[in-house]
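Any read-out appearing in this document is the output of simple, stated calculations on the displayed coordinates, not a laboratory observation. What you see is a predicted model, and the numbers here were worked out from it, not measured in a lab. FYI the Cβ positions are ideal-geometry reconstructions off the backbone, even for glycines, and counts take in every protein chain you see.
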Amino acid sequence: MPKRKKQAFNLSRLVTMRKKQSRKKQAEEKNRISVNWTEYIKLLDERMKPLKKLNGDVLRTDFEQLQDEITRVLKKLNSDILTTDYGQVQDEIT
């Protein structure tokens, strides 16, 4: 049987392969972030309902605990969403 010829180096083929890998990686990252964001929203909604019923002083103390809990959960999820704007949430509570 005759030997196969070695294929010449094809730069355009390499570029195409890298683009496909990059697109796939970006899609996975986007999906991971959206899942983590969904978890964050669920946790926030779950914790906000009882907090809205409380008075002002207790509300602020519980809000600080909520921030700590959310940060802990997001770290556990290995999320990059730790830079969440808590000021927006605090405005919603009060």
The pairs in LYS25/LYS49; LYS24/LYS76; LYS20/LYS76; LYS49/LYS76 lying past 26 Å Cα-Cα in this model are LYS25/LYS49; LYS20/LYS76
The simple spin-label model distance between LYS3 and LYS20, using points 7 Å out along Cα→Cβ, in nm, is 2.8
